[in-house]
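Trainee: Got a structure here, written out as structure tokens. Questions coming.
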Amino acid sequence: MLAYAIRRLGQSFFVLVVMSFLVFLGVFAIGNPIELLVNPQADEAERLRATVALGLDKPILEQYAIFLGHAAKGDLGRSFVFNVPAIQLILEKLPATIELALAAMVISVGLGIPLGLIAGLKPHSLVGRSIMALSIVGFSLPTFWVGLVLIMLFSVHLGWLPSNGRGETVMLLGIPVSFLTWDGLMHLAMPALNLALFKLSLLVRLTRAGTREAVLQDYVKFARAKGLGPGRVIGVHVLKNILVPIVTVIGLELGSLIGFAIVTESIFAWPGSGKLLIDSINLLDRPVIVAYLMVIVVLFIAINFAVDVLYSMLDPRVRLGSSSAAH
Amino acid sequence: MSAPLLEVDGLRMHFFTKAGVVKAVDDVSFRLERGKILGLVGESGSGKSMTGYSILGLVDAPGRIVAGRIALNGRDLTRLDEAAWRGLRGNRVAMIFQDPMMTLNPVLRIDTQMVEAVRAHHDVSREQALDRCREVLGRVGIASPDERLRAYPHQFSGGMRQRVAIAIALLNKPDLIIADEPTTALDVTIQGQILFEMQNLCRESGTGLIWITHDLSVVAGLADDVCVMYAGRVVESGSVDEILDRPLHPYTRGLLESVPSRNERGRPLRQIAGMTPSLLRLGEACAFRDRCSQAQPDCAAAPASSVPSAGRTLRCLHPASP
Ligand SMILES: Nc1ncnc2c1ncn2[C@@H]1O[C@H](COP(=O)(O)OP(=O)(O)OP(=O)(O)O)[C@@H](O)[C@H]1O
Ligand code: SF4
Ligand SMILES: [Mg+2]
């Protein structure tokens, strides 16, 4: 296990370096930030001074080397625009995004697995068919459109839910959160549902497919032949078997929820890191873009590691560190 | 004299599919005394497993028991509700399946899978249940049960897994065990051992055993009585010696001729020509008619069950003379 963790760490480090280089190149391709940062009326000398001050006069590889050197010391650069450490900007905004993503995940899992189980156990019933039809709808409607419809319905028409911002927050372990106040919860409900819709549909289908396959297996019949009730047969024998693919998807999707909540954050003016990323791209605030993507990569790596550990706990046939698990 | 352990009478279990009614079990009757072994023999699709599932109340839609009586210790099970069935399953009637690789849940430890079987029927602590598990594991010949209990199925060989499945069946000291081809997937040595042990276990404890197989030679050394099934019906039944020595039904004869035997070495094995008919298209005629060498025009009317001699039944209009 320890050897496995160390090897994983090495691999992760490698991924990080490669990613940082690609991100660095990509950011260069977007455009030269000097055009946006310096007063358009400024003369050539002033522009040059700003370019040198930001280190943008050096060749790209040298800039990258300097970036790596600083990154090794935990410094991901300062925002060109706000002149504060980029990482600080991100860490200020990230909790709101993580809260939104986790809330969406709780909705997806909390609804998706039970609905998928029902649809899988009674695939031909009216309920089963309806669940499937809804999941197809949830799959195919674009997120921004659903977001707008939600606002039209619940904010404009019914006036039940607020349509923008985080609402009232309280501090939990030094981090502001919305879900612990009623006002915050009301603000969280719609964006979380909007963000959850796609994952919810995905989980319904995944759970349904797994359930339909599992109930045909001999071990389910054997469990019933032991005289176990349906709760135990489905809740333990079936569910534990279909949990492996579900956990994988949850893990991967959690990363993407955090990294790409941008559309939902924009629609509901949710003050998270997705909005920060959009703003930074508009202002060509290179250090913030790079730092943001680095943070997301680290998050993905961490989630993947957690998923692999969960795997080995769920499925005894998976052994961490064996060649099949260590790719 | 008290009622026999199991009495199945006129059992019909049909599947109501879109394509039509599949009569998987069609008027099956037999009885089994305590401590006795009944062999249920027939080729694939003849309805052996479905007969077994019917006795356990494990028939799934679109299948349904449409007629007949299944009396366990004199009590008719077909009238039970689901909760009462559940109280019986794994408790008074246990079942063992064919493929030991598939019957144990791959992601649950052996102790979980055994303890739950005890606690489904007895209000005991986990420790007490574990004691019982160790005891039965010992009885089916599994050494160091404590270590085995903490393992997962994939850490066992096929033969070991089937022993565990048998141990699970024995946990609650059932009156009846239905073994659905439990040795088919195992190699011959292990098969022999398990047959021998099951025989002893049932004789000792007075448990009745229904042994489902497509292999008459397995039944020969094991069972007291035999039912030969064909297309959902019992075409011939009787004591194992009678059936093997004096088979009357052309299908039983065909089965016997396709079993390799020592004194006929070198002679090509005979096969029963043709295939099992589709259960959907069974008309009134004898289901074996298309494959039968004895068939006569009057076989177009379904042969009723007759009693050629005491303790035997037969469904054939023109049986081979013994
Ligand atoms: N869900 C179902 N719908 C329709 N027909 C079914 C269904 N399940 C089983 N049958 C039919 O029931 C018949 C009896 O099946 P059963 O499993 O009892 O055969 P078997 O004698 O146990 O054969 P095998 O040796 O292959 O296990 C088969 O012909 C099969 O086609
Ligand atoms: S009833 Fe006729 S067709 Fe059927 S087995 Fe007997 S002889 Fe053959
Ligand atoms: Mg079968």
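The values are calculated or read from the model by the stated rules, or taken from the named source; none is laboratory data. Note that the coordinates shown come from a computational prediction; the quantities given were computed from them, not determined experimentally. Methodologically, a virtual Cβ is constructed for each residue, glycine included, from the backbone with ideal geometry; neighbour enumeration extends over all protein chains shown. With ligands, DNA and RNA removed, areas are computed over all heavy atoms of the protein, side chains included. Shrake-Rupley method; radii C 1.70, N 1.55, O 1.52, S 1.80 Å.
Trainee: What accessible area per residue, rounded to a whole number of Å², is obtained for chain B using a probe radius of 1.4 Å? All intermediate terms of the calculation are to be shown ahead of the outcome.
Mentor: Values: 14450 Å² over 322 residues.
Accessible area per residue, chain B: 45 Å².
Trainee: Take the Cα radius of gyration of the range A:51-107 and divide it by 2.2 N^0.38 Å, with N its residue count; two decimals is plenty. Can you show the working numbers first?
Mentor: Working: Rg = 15.8 Å, N = 57, 2.2 N^0.38 = 10.2 Å.
Against the compact-globule rule of thumb, the ratio is 1.55.
Trainee: Please give the peptides B:132-139, A:165-172 ranked by average Cβ packing (other Cβ atoms within 10 Å per residue), highest first, as a rough proxy for protection.
Mentor: Details: B:132-139: 19.2, A:165-172: 15.5.
Order by mean packing, descending: B:132-139, A:165-172.
Trainee: Quick check on the range A:183-327: take the gyration tensor over C-alpha atoms, sort the square-rooted eigenvalues as a ≥ b ≥ c, and tell me if it's rounded (a/c under 1.5), prolate or oblate.
Mentor: Values: a/c = 3.76, a/b = 1.83, b/c = 2.06.
Oblate is the answer for the range A:183-327, as a/c is 1.5 or above yet b/c matches or exceeds a/b.
Trainee: Can you give the accessible area of B:Asp298, probe radius 1.4 Å, in Å² rounded to 10?
Mentor: B:Asp298 has an accessible surface of roughly 80 Å² with all protein chains in place.
Trainee: With a Förster radius of 56 Å, plug the Cβ-Cβ distance of A:Ala42 and A:Met171 into 1/(1 + (r/R0)^6) and report the FRET value to the nearest 0.05.
Mentor: Working: r = 43 Å, r/R0 = 0.77.
So, using R0 = 56 Å, E works out to roughly 0.85.
Trainee: Could you tell me the distance between the Cα centroids of the range B:124-181 and the range A:105-140, to the nearest Å?
Mentor: Using only Cα atoms to place each centre, the spacing works out to 38 Å.
Trainee: Follow-up question, since we're still on this one. Which distance in nm do the two modelled labels at B:Arg246 and B:Thr189 give, with both placed 7 Å along the Cα-to-Cβ direction?
Mentor: 4.1
Trainee: Can you spot the aspartates and glutamates whose alpha carbon is less than 18 Å from A:Lys221's alpha carbon? Ignore those fewer than 8 places along the same chain.
Mentor: Answer for A:Lys221, where 18 Å is the Cα cut-off: A:Glu213, B:Asp60, B:Glu82, B:Asp99, B:Glu116, B:Asp180, B:Glu181, listed by chain and number.
Trainee: Can you tell which of A:Ala86, A:Ala103, A:Ala302 shows the greatest fluctuation in a Gaussian network model of chain A with Cα springs below 10 Å?
Mentor: Most flexible of the set in this elastic network: A:Ala302.
Trainee: Give me the accessible area per residue for the range A:90-283, probe 1.4 Å, as a whole number in Å². Please list the in-between numbers first.
Mentor: Values: 8780 Å² over 194 residues.
Ligands and nucleic acids excluded, the result is 45 Å² per residue.
Trainee: In addition: Among all helices in chain A defined by DSSP H, which have a length of 24 Å or more along the axis from Cα atoms plus a Kyte-Doolittle mean of at least 0.5? Could you put the intermediate results ahead of the total?
Mentor: On the way: long enough: A:2-30 (42 Å, 1.87); A:86-121 (50 Å, 1.71); A:182-215 (43 Å, 0.64); A:239-259 (29 Å, 1.64); A:286-314 (42 Å, 2.10).
The answer, listed by residue number, is A:2-30, A:86-121, A:182-215, A:239-259, A:286-314.
Trainee: Springs between alpha-carbon atoms under 10 Å, Gaussian network over chain B: tell me which of B:Val218, B:Val59, B:Val124 tops the mean-square fluctuations.
Mentor: Maximum fluctuation in the GNM of chain B, among the listed residues, is at B:Val124.
Trainee: Could you tell me what percent of the DSSP beta bridges with both partners in chain B are antiparallel, to the nearest 5?
Mentor: Given both bridge residues lie in chain B, the antiparallel proportion sits at roughly 60 percent.
Trainee: Just flag the trypsin sites (Lys or Arg not before Pro) in the range B:11-41 sitting in loop per DSSP whose Cβ has no more than 13 other Cβ atoms within 10 Å.
Mentor: Numbers: sites: B:Arg12, B:Lys18, B:Lys23, B:Arg31, B:Arg34, B:Lys36; in loops: B:Lys18, B:Arg34, B:Lys36.
Those satisfying the criteria are B:Lys18.
Trainee: Give me the summed buried accessible area for the B-A pair, 1.4 Å probe, to the nearest 100 Å². Mind dumping the intermediate values first?
Mentor: Details: alone 15560 and 17720 Å², together 30980 Å².
Buried: approximately 2300 Å² between A and B.
Trainee: Same structure, new question: List the lysines whose Cα lies under 22 Å from the Cα of A:Lys93, skipping any in the same chain that are fewer than 8 positions away.
Mentor: Of all the lysines, those that pass the test against A:Lys93 - Cα under 22 Å, at least 8 places apart if same chain - are A:Lys275.
Trainee: Also, quick follow-up: First compute the accessible area of the range A:90-283 with a 1.4 Å probe, then give the percent of it belonging to carbon and sulfur atoms. Don't jump to the answer; show the numbers that get you there.
Mentor: Values: 6410 of 8780 Å².
Here it works out to 73 percent.
Trainee: For chain A, what's the relative contact order in percent, using C-alpha pairs closer than 8 Å and at least 6 residues apart? Don't jump to the answer; show the numbers that get you there.
Mentor: Details: 382 pairs, mean separation 86.0, N = 327.
It comes to 26 percent, rounded to a whole number.
Trainee: Then there's this: With a/c under 1.5 counting as rounded, go ahead and sort chain A into rounded, prolate or oblate using the C-alpha gyration tensor (a ≥ b ≥ c being the square roots of the eigenvalues; past the cut-off, prolate if a/b is larger than b/c, else oblate).
Mentor: Details: a/c = 2.77, a/b = 1.59, b/c = 1.74.
Judged from the Cα gyration tensor, chain A comes out oblate (a/c at least 1.5, b/c at or above a/b).
Trainee: Relative contact order (percent) for the range A:90-283, with alpha-carbon contacts under 8 angstrom and 6 or more residues of separation? Working shown, then result.
Mentor: Numbers: 253 pairs, mean separation 65.8, N = 194.
Once divided by the residue count of the range A:90-283, the mean separation gives 34 percent.
Trainee: Per DSSP helix of 4 or more residues, -39500 (n - 2.57); summed, then divided by the residues of chain B. What does that give at 222 nm, rounded to the nearest 500?
Mentor: Theoretical 222 nm ellipticity from helices: -8500 deg cm²/dmol.
Trainee: So which trypsin sites (Lys or Arg not before Pro) in the range A:1-82 are both in a DSSP loop and have at most 13 other Cβ atoms within 10 Å of their Cβ?
Mentor: Working: sites: A:Arg7, A:Arg8, A:Arg47, A:Arg49, A:Lys73, A:Arg78; in loops: A:Lys73.
Hits after loop and neighbour filter: A:Lys73.
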